[in-house]
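Report on the structure given below.
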Amino acid sequence: MKYELDYVLDSALDGIFIVDENHRLVLFNRACEELFGISRDELVDRACWKLADFKATWKEKRAGSESRIAYGDLASKKERMVLAHKGGMEVWVETIYTPIYDPESGGIAYVMGVIKDISEQKRLEEERERLLEQLGSMREELERKYNFSEIVGRSPSIMKALKLTAEVAPRNTTVLLLGESGTGKELLARAIHYNSPRASAPFVAVNCSAFPDTLIESELFGHEKGAFTGAEKARPGKVRRAMGGTLFLDEVTELSPAAQAKILRLIQEREYEPLGGESTLTADVRLIAATNKDVEKRVREGTFREDLYYRLCVYPVTLPPLRERPEDLPVLVNFLIRKFNREMGKGLKGVSPEALAVLSSYHWPGNVRELQNVMERVTILSKREVVGTSDLPTYLFQDAPEAKGEAQIMSLRLPKKFSLENSVQRFENEAVAAALKSSGYNKARAAKNLGLSRSTFRYKLAKVPKELLGN
Ligand SMILES: Nc1ncnc2c1ncn2[C@@H]1O[C@H](COP(=O)(O)OP(=O)(O)OP(=O)(O)O)[C@@H](O)[C@H]1O
Ligand SMILES: [Mg+2]
């Protein structure tokens, strides 16, 4: 029997040892010796110190009450420490000391130690610490990046949009962001999230137009295994992933009717069901929706639910197109030059007044995104410190006043027989139409490009045949 007990103890993966108060090792199993290679003296010293500690507590307890000390009253706590390995290395171990009572006297006779190597656990814990730290600094970076101060512009319209969003950010209110493509809707949505109490939870963006009708529901709400052909595993949706954070529904008008109904329920009841599932789940998400479409028109046409529109439209914020806020252009150009200088290690100083005039005359259908692309390209290609007109892509000149005049004269085709008066009128009509088109149908800008007052422009525009105007 004794032999068998030794055999069993020697087979244990944890180190087990027993010490008496005279520093005598009663038991020291193979794992202590071989696996850890821990020095006996160090262990024995610690165990004896522990034994004395147990005895003192035991005496104290005995003095306080006559009743017997329950087993486990002195059960030791886990203790973590670094022990020197015989090979010179240090090992992280966790030891549990347990007192062993003398059955006759009832006093503590020995202490048993069970040692576990926790080096791997320790390594994982340290790795976790490191990752959490990294996550913290990445989050700080994101917060800095999506700070409202990183949204550039000084025009009254952008200032108004920023003021509105800064006010609503700390609340849970649903926000609807309206504006043409590239005006900064997603940038603003992120700024709202990172300046809200939900900042440390995820910001999850879903582009509602990127999925066919059948898939958008599963993308948003997730599905159970076997919910549809091909659903081999259960999968959580974006609503689940945005738990505690913000769900950004981009291009919200493109949601299928079924998905619209579910989103409405999500807003009203904060509830949803994964596809093919029985259970109803609660969603703790803040919604931000965006669109570059005319939502009211969609409602009138019957493709977008009116009740959902009203729910989303609690707090609308409109981002104006770049061509309607010319004062933002130079500020954005400088901001982008600095940004790309930093990213590409370049040293551009700015743009020449002529180049700025060309940039200002262009109608920017792609808004800030398009400007950003142009400035990136310019930063890569420009060989000079100050960007000149020759560094700009040629399509930007289509709206520049001089270039336009030239293009028109060349493209004017006259019939074989013509009176001068007719041809002048014809030339004028074409010039007015071209100016209007290239300004993105902005009459004020078209008038400016042609060097006319607004009223003269309107007077001339009234004479232009409809078919010349397109649109
Ligand atoms: N005011 C601004 N200041 C700085 N950067 C801006 C500003 N507005 C937009 N941007 C930048 O322009 C790019 C386009 O912005 P964003 O993606 O937010 O546009 P969007 O309105 O969501 O467009 P879409 O409707 O096409 O999705 C982004 O890289 C964004 O960082
Ligand atoms: Mg977007």
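The values are calculated or read from the model by the stated rules, or taken from the named source; none is laboratory data. Every value quoted in this text rests on a predicted model; they were computed, and no experiment measured them. Every residue, glycine as well, gets a Cβ built from its backbone with ideal geometry; the counts of neighbours run over all protein chains shown. SASA here: full protein model, heavy atoms, side chains in, ligands and nucleic acids out. Shrake-Rupley method; radii C 1.70, N 1.55, O 1.52, S 1.80 Å.
Table for the structure above
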item: Search result, residues across the range 215-235 that are of a type in the set (Val, Ile, Thr), open to solvent by 40 Å² or more (accessible area, probe 1.4 Å) and touching a residue at least 12 places away in the same chain (Cβ under 8 Å); result: none
item: Qualifying residue in the range 328-350 (condition: more than 16 Å from ligand 1 (Cβ to nearest atom) and touching a residue at least 40 places away in the same chain (Cβ under 8 Å)); result: no
item: Qualifying helices (runs of 4 or more DSSP H) (wholly inside the range 137-234; at least 2 residues being more than 15 Å from ligand 1 (Cβ to nearest atom)); result: 156-168, 213-221
item: Some residue of the range 293-300 being open to solvent by less than 60 Å² (accessible area, probe 1.4 Å) and touching a Leu at 6+ places or on another chain (Cβ under 7 Å); result: no
item: Residues of the range 351-361 classified as farther than 14 Å from Val386 by Cα, open to solvent by less than 20 Å² (accessible area, probe 1.4 Å) and more than 16 Å from ligand 1 (Cβ to nearest atom), total; result: 2
item: Per-region count, the range 276-304, residues assigned to a loop (DSSP other than H, G, I, E, B), within 24 Å of the chain's Cα centre (by Cα) and closer than 17 Å to Ile263 by Cα; result: 3
item: Test: residue in the range 309-319 that is without any contact (Cβ under 8 Å) to a residue 60 or more places away in the chain and either open to solvent by 70 Å² or more (accessible area, probe 1.4 Å) or not small (Gly, Ala, Ser) (or both); result: yes
item: Flag if Ser105 is surrounded by 15 or more Cβ atoms within 10 Å (Cβ to Cβ) and out of contact with any strand residue (DSSP E or B) (no Cβ under 7 Å at 6 or more places or on another chain); result: no
item: Boolean, Ser200 is open to solvent by less than 60 Å² (accessible area, probe 1.4 Å) and outside the structural domain of Asp328 (by TED's automatic domain parsing); result: no
item: Helices (runs of 4 or more DSSP H) contained entirely in the range 326-394, each with at least 3 residues that are charged (D, E, K, R); result: 328-344, 367-381
item: Positions within the range 350-376 being away from ligand 2 (no atom under 16 Å from the Cβ) and among the small types (Gly, Ala, Ser), in sequence order; result: Gly350, Ser352, Ala355, Ala357, Ser360, Ser361
item: Unique match (being β-branched (Val, Ile, Thr) and open to solvent by 30 Å² or more (accessible area, probe 1.4 Å)) among Thr379, Thr303; result: Thr303
item: Flag if Phe248 is aromatic (Phe, Trp, Tyr) and more than 26 Å from Glu140 (Cβ to Cβ); result: no
item: Out of Ala199, Ala231, sole residue that is in contact with a His (Cβ under 6 Å, 6 or more places away or on another chain), farther than 17 Å from Asp250 by Cβ and not charged (D, E, K, R); result: Ala231
item: Residue in the range 28-40 that is nearest to Pro99 (Cα to Cα), counting only those that are modelled with pLDDT of 75 or more and either crowded, with 17+ Cβ neighbours inside 10 Å or more than 53 Å from the chain's Cα centre (by Cα) (or both); result: Phe28
item: Residues satisfying the stated conditions in the range 89-124, i.e. of a type in the set (D, E, K, R) and assigned to a strand (DSSP E or B); result: Glu90, Glu94, Lys116, Asp117
item: Residue selected from the range 409-428 under the condition open to solvent by 70 Å² or more (accessible area, probe 1.4 Å) and not hydrophobic (A, V, I, L, M, F, W, C), by the criterion modelled with the highest pLDDT; result: Arg426
item: Scope the range 113-164; condition loosely packed, with under 15 Cβ neighbours inside 10 Å and of a type in the set (Lys, Arg); matching residues; result: Arg123, Arg128, Arg130, Arg139, Arg144, Lys145, Arg154, Lys160, Lys163
item: Selection from the range 179-210 of residues that are near ligand 2 (Cβ under 9 Å from one of its atoms), touching a strand residue (DSSP E or B) at 6+ places or on another chain (Cβ under 6 Å) and among the aliphatic types (A, V, I, L, M); result: Ala189, Ala205
item: Odd one out for Thr389 among (1) touching a residue at least 24 places away in the same chain (Cβ under 8 Å); (2) touching a Gly at 6+ places or on another chain (Cβ under 8 Å); result: (2)
item: In the range 429-447, the residues that are buried (at least 21 other Cβ atoms within 10 Å of the Cβ) and either among the hydroxyl-bearing types (Ser, Thr, Tyr) or outside any helix (DSSP H, G or I) (or both); result: Ser438, Ser439
item: Condition check for Leu247: within 14 Å of ligand 1 (Cβ to nearest atom), crowded, with 18+ Cβ neighbours inside 10 Å and in the same structural domain as Val285 (by TED's automatic domain parsing); result: no
